[in-house]
Amino acid sequence: MAVVPVYNILAVPGASIPLSLERFDKMIGRVPVSGERVTLIFMREDKTREELTSEDFYPIGVSGTVVEVGEQGVLVFRSNVRVDLKAINIYPDHSIDLDVERRPDIEDLDEAVSAERLKQMKRHMLETYGDNPQFGPMLRGMMSRWASLGDIAGIVNRWLINSPQEKMNILAEDSREKREQKLETLLRENLEFHKVNSEASSAQEAEYQKMYRENALKKQIEYLQKELDSLHPENVSDLRKFELKIQDLGMNESAKTEAEKVLKRLKQEGQQSAESGLLYDYLDYVTTLPWKKEAAPAIDLAAAEAVLNEDHFGLKKVKDRVLQQIAVMSLKGQQSGSILLFVGAPGTGKTSIGASIARALGRKYVRVSLGGVRDEADIRGHRRTYIGAMAGRIIDGIKKSGVSNPVMVLDEVDKLAASYQGDPASALLEVLDPEQNHSFTDHYLNVPYDLSDVLFVCTANSLETIPSPLLNRMEVIPFQGYSPLEKKEIAKRHLLPKALETVGLTAEQVQISDEILERLISDYTREAGVRGLKRCLDKLCRSAAVRYLREKQPLTVTRDNLRSLMDTHPLLHRTVRENMTPGIVTGLAWTAVGGEILYVETMFTKGNGKIHVTGQLGDVMKESAEIAVSKVKALFPDKAEVFAENDLHIHVPDGATPKDGPSAGITLTTALASLVTGKAVPSTVAMTGEVSLQREVKPIGGLPEKLMAAERAAVKTVFIPADNVEDLEDVAPEVREKLEIIPVREVSEVLARLGLLESQCGQSLSEA
C-alpha cells in the first residue's frame, strides 16, 4: 500500500478524485499503477518530501484505490474509507509507514435527500458554467459521471478558495448527513464566489443565497486584502495592522471578541471622533500584550545553583528553598509551587535574588514597586471611562517584559496602604492565588488574562503590616542579617569591584585590604544588610579617585588615611560597660537594621509603691515590666516591703527611640532581682526571652541578629530560651564560637547562675 502526502485536497469517502501524477512521483518516488491501494495523508503546510516530519499531518487520512492512470499526467483516485492515523513513521529514505484504524461513519444520510442535493448542485453548476466556452462543454461531458457531491468537489478542487483546515473539518465530520451539508455549503459558497468574481450573475434566488453571497464576499475581500498587504506592506493602515494582530496574537475568546468589538467601533466612529483616541490607545495596548503561552526553557538545576552562588554569598537556607522550587518546576515542566515572600532588613539581597532567579531560569525579569501604593487601580487598572485610564502595574509589567511567563518581583508588599480609593492588598489576593490568577481581569483590559505562568516573588521588611489573608497566600522566607565575615566576603566579591568600576579605577590603582574592609564594616556601618557598606565603598572610591588623579600614583588605603578619605566620623557602637551597678542588666533587641544591645536600668526612690516606666516603651514592654515586678515579688517575698515603701523607676535608654516587644521580659526580671538583692550582674552577660507568670522563659524572634549584636559589643555570655536552640543553626559559626550561649527554660535558672537566687543546681557565674 502506498502512502501519499497531499496538500490542500478535499477528499471524502465515495468520491472519485483526479490527482496529478507528478505529485505522486515527487512524494513517493514512483507512479502508482491501476488497482493499487493508496492512503492519502493531508499536510498542514505544503512541504517537500525531504522536509516532512510526523507533526506536519492532520490526524485523519483517506484510504482508497487508484482506478485509472491516464496519459495526460492525471490519475483517478477512488476514496473508500476514512482512517485515523495512530502513528506516522518516516524513514531515512523518506518513505512513510502508517499505523491506522478505520474511522466509522454515522449512517444518518437520507439517500433521497442526497440525490436531490446532487441534482440541484448539478443544475447550479450548469447555470454558472454552462455558458462558459471553456468549461461548459467539459462540464456537460462529466456531469453524467458525478455520483455524489464528493465527485464534484474532487473535480473543482483546484479552484476551491477554502483553506486546508476548512477542508479537513469536512472530512473530520462523522455524520454523513452533516458532512454532506457542509460539503454543499462549501460548494455553494464557491459558486457564489466565482459568480461575484466574474460578475456572471447578480440575481439572488432566495434568502439563503444572500447568506452564501455574503460569506463569499467576505472571503473575497479577505483574500484581496491579503494580496494587497503582501504587495504593499508599507501602506498597510493602523486599523488593518490591528486587525491582523488580533488574528495572530493567540488571544483567548473573550479578549479577541472585545478587541474586534473595539476595532469595529473605531472603524464606525472614524479617527476624527472624540472617542477615537481612547479606542486607538486600547487597541494599541491590547495588541502589544503577550497572549501566547511561552514554551518553558529547559532547567538545569546545577547551572541554576551556580548562578545563585555567583550572585549571592551566604543565604544558604534561602538558596536551598529557591532550588527546591526550581527542581519542582523542572520535574513538572510548568510553573508550580508556593508564592515566596522574602522578609528581612533592608540591604539583605531580597530584590536582587529575584533577578538571580530569573537569570537561573532563563526568564525575563520584572520588578514592580508597591511601596506607598494606596489605590486599588494601581493593581487592577482603571476602567476605560475617562481620558488617562491605564492598566494596572501587574499587566503593565507583563507588557514591558514581552512574555507571558516572567519572574515578577513585587517589592515592598508591606508598604501597601488602604484608602478611600480601595485596598490594593485585597486586589493582590487574586493575583497571588494560583487557583484564581489564571483568569485575572484588569479593569482596563476588561477581559481575563492568564497569570498562571508568572513566577511571583514578594519582598517585605516586616510582616506586621501585611494583612492576614494576603500573608496566608505566601510562604515566608526570612532573610537573616549578614555576619561581619559574610559582609567582608560580599564586599570583596561584589561591592568593591563594582565601586571601582563605577569610578574608573582598578584594583592595582587603589588597594583596599581586608583590614580596611573590616574597619568599614565595624566603624562606619550599622545595618543587617550591606547597602550602607556599598555607600561607604562608593564614597571611599570617589575620594580615592580624586587623590589618584592629584598624585598620579597608586593609592593604598590604610588605617591612617581612611578617616580623611571617608571624611566622616566613625559610628559609635554600643559596647558593654566597664562597671555595672545593681539594677542594671544588658539586654538584646532586634531592630530594622539588625540587632543591638540595650540596658535595662532600675532604681528605687522614696515613695509609696508607684512604678514609673520611661524610655518610650510600648504597651507590650510595659506589660513585661509589670510581669517582672510580680515575679520578683514572688521569688523574693522578704523584699516585698521594699516595693511597697518605695517607688520603682524602670528606664531603657535611648529615650528618643521607641521600643516594644516581649523579649525583654527576662532582662527586666533579672534587673529587678539584681536591684532588690544588691548584687550586680556582669556587663559581659546579656539575655533575651519572654517570661510568663509560670516562670517560663518563652521563645523569641530575631535571635541571629541579637547574637551578632552581642558579639559586636564584646558580650561573652548570652542566655536564650531553650526553645530557640534550633535557631542557632542560622547564626554564623564565627559568632557562635565567640559566645557562651546558655539555653534556659525558667527564670530561676538565670537568677541562680548569676548568684541572685539561692539554688542547689550549680555554681553561679559570679562565683565562677
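With Cα atoms defining each centre, the stretch 336-385 and the stretch 164-181 are spaced 50 Å apart in the structure. Just the number, please: Stokes-Einstein D of the chain in µm²/s, Kirkwood Rh from C-alpha pairs, 4 °C, 1.567 mPa s. D, rounded to a whole number, is 38 µm²/s.
Name the longest site-free stretch of the chain, where the excluded sites are chymotrypsin sites (Phe, Trp or Tyr not before Pro) in a DSSP loop with no more than 12 other beta-carbon atoms within 10 Å. Intermediate values should be presented prior to the final figure.
Working: sites that count: Y386, Y420.
Result for the longest clean stretch: 1-385.
Any idea what the relative contact order of the chain is, in percent, if you count C-alpha pairs under 8 Å spaced at least 6 apart?
On the way: 1319 pairs, mean separation 53.4, N = 768.
About 7 percent, as a whole number.
Neighbour counts of other C-beta atoms within 10 Å: give me C536, C458 arranged from fewest to most. Mind dumping the intermediate values first?
Numbers: C536 22, C458 30.
Ordered by Cβ neighbours within 10 Å, fewest first: C536, C458.
Which of L301, L537, L278 has the fewest other C-beta atoms within 10 Å, and how do the rest follow up to the most? Intermediate results must be reported in sequence, preceding the final value.
Details: L301 14, L537 23, L278 18.
Ranking L301, L537, L278 by Cβ neighbours within 10 Å, fewest first, gives L301, L278, L537.
In whole Å, what is the distance between the alpha-carbon centres of the stretch 675-704 and the stretch 60-89? Between the Cα centre of the stretch 675-704 and that of the stretch 60-89, the gap is 91 Å. Model label sites at R359 and D660, defined 7 Å from Cα along the beta-carbon direction, differ in position by 4.0 nm. Put a dot 7 Å past the Cα of Y7, heading toward its Cβ, do the same for Q694, and the two dots end up 8.1 nm apart. Less than 5 angstrom separates the built amide H of R103 from those of R82, V83, D84, all sequence-distant by 5 or more or on a different chain.
So for each of 115-122, 660-667, 318-325 I average, over its residues, the number of other beta carbons within 10 Å; can you give me the resulting order with the highest mean first?
Working: 115-122: 14.8, 660-667: 24.5, 318-325: 17.5.
Ranking, from highest mean packing down: 660-667, 318-325, 115-122.
Full extension of the chain segment joining K332 with R383 gains 14.6 nm, where the gain is 0.36 nm per residue of separation less the Cα-Cα distance. Length gained on full extension, E166 to V31, computed as 0.36 nm times the residue gap minus the Cα-Cα distance: 45.7 nm. Packing order of peptides 150-157, 730-737, highest average first: 150-157, 730-737 (average count of other Cβ atoms within 10 Å over each peptide's residues). Across the stretch 301-479, the relative contact order, built from alpha-carbon pairs under 8 Å that are at least six residues apart, equals 30 percent. Put simply, the amide H of E68, placed in the peptide plane, has neighbours under 5 Å in G35, V76, leaving out anything fewer than 5 places away on its chain.
A cut-off of 5 Å between modelled amide H atoms, ignoring neighbours fewer than 5 places along the same chain, links D433 with no other residue. Helix 316-332 axis versus longest C-alpha principal axis of the chain: approximately 20°, rounded to the nearest ten. Mean separation of Cα pairs under 8 Å and 6 or more residues apart, divided by the residue count, gives the stretch 237-286 a relative contact order of 36 percent. One Cα centroid belongs to the stretch 433-450, the other to the stretch 553-588; the line between them spans 54 Å.
How would you rank K167, K492, K539, going from fewest to most other Cβ atoms within 10 Å of each one's own Cβ? It would help to have the intermediate numbers written out before the result.
Working: K167 22, K492 14, K539 17.
If I rank by nearby Cβ atoms, fewest first, I get K492, K539, K167.
Across all directions, the average flat footprint of the convex hull enclosing the Cα atoms of the stretch 237-286 is 3.1 nm². For the stretch 301-479, the spherically averaged projection of the C-alpha convex hull amounts to 10.1 nm². Using all pairs of distinct alpha-carbon atoms, the Kirkwood hydrodynamic radius of the stretch 354-412 works out to 12.4 angstrom. Cβ-Cβ distance of E127 and Y285, R₀ of 60 Å, FRET efficiency by 1/(1 + (r/R0)^6): the value works out to about 0.75.
Report, for the stretch 2-103, the % of DSSP beta bridges that are antiparallel, rounded to 5. Don't jump to the answer; show the numbers that get you there.
Details: 28 of 34 bridges.
Just about 80 percent of them are antiparallel.
Each residue of the stretch 153-166 was assigned a 3J(HN,Hα) from its phi angle through the Karplus curve 6.51 cos²θ - 1.76 cosθ + 1.60 (θ = phi - 60°); the sequence is 4, x, 5, 9, 3, 5, 9, 5, 8, 7, 6, x, 5, 5 Hz, with glycine and proline shown as x.
Rounded to the nearest 5, what % of the DSSP beta bridges within the stretch 336-494 are antiparallel ones? The antiparallel proportion sits near 15 percent. Helix-only arithmetic for the chain: the sum of -39500 (n - 2.57) across DSSP H runs with n ≥ 4, divided by the residue total, places the mean residue ellipticity at 222 nm at -12500 deg cm²/dmol.
Need the full-extension length gain, D514 to S426, defined as separation in residues times 0.36 nm minus the C-alpha distance. One decimal, nm. Please report the intermediate quantities before stating the final value.
Details: separation 88, 0.36 × 88 = 31.68 nm, distance 4.82 nm.
Contour length minus Cα-Cα distance gives 26.9 nm.
Normalised by residue count, the stretch 1-139 yields a Cα convex hull volume of 135 Å³ per residue.
Restricting to bridges with both residues inside the chain, how much of the DSSP beta-bridge set is antiparallel, in percent to the nearest 5? Kindly include the intermediate steps, with their values, before the conclusion.
Numbers: 48 of 92 bridges.
Approximately 50 percent, going by the DSSP bridge assignments.
Translational diffusion of the stretch 584-753 was estimated from the Stokes-Einstein equation, with Rh taken as the Kirkwood radius over Cα pairs; at 25 °C and 0.890 mPa s the coefficient is 154 µm²/s. With a threshold of 20 Å on the Cα-Cα distance, the over-threshold entries among K122/K195; K241/K399; K610/K631; K317/K498; K622/K679; K415/K487 are K317/K498; K622/K679; K415/K487.
Read the figures in this text as sums done on the coordinates, not as results from a lab. In this text, all values refer to a predicted model and were calculated from it rather than measured experimentally. Glycine gets a Cβ as well: all are built from the backbone with ideal geometry, and neighbour counts include every protein chain shown.
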